[in-house]
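Worksheet: one structure, shown below.
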Amino acid sequence: MPVMEEPKKKKEPCCNGKLVVLGWSLLLIGGLAHMLPAQMEPLLKFSKWGISVQMLVGMLSVIIALNFLLGDED
């Protein structure tokens, strides 16, 4: 009788705990910035070396979203 191999399991997208928490935190900050723009303005406009918190939150959220959506192909 031929031996059947177990089918390979589909690899889950990389969703470790720290990355998920960071993604949700960025989503929360972005949502608060849209709902309370006047109150969040001092925090979001804070910048160092020309990079504001608003720009940093936007860049990190896009990178995390792409990492989640594209997954790790290794």
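Read-outs throughout are calculated quantities, based only on the coordinates presented, and are distinct from any laboratory measurement. Quick caveat, the model's predicted, so the values are computed rather than measured. Here the Cβ positions follow ideal geometry from the backbone for every residue, glycine too, while neighbour counts run over all protein chains shown.
The table below gives the values:
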item: Approximate spin-label separation LEU66-PHE46, in nm, with each point projected 7 Å along Cα-to-Cβ; result: 2.7 nm
item: Distance between modelled label sites at MET55 and MET35, nm, 7 Å Cα→Cβ extension; result: 2.8 nm
item: Relative packing of peptides 41-48, 60-67 - highest average C-beta neighbours within 10 Å first; result: 60-67, 41-48
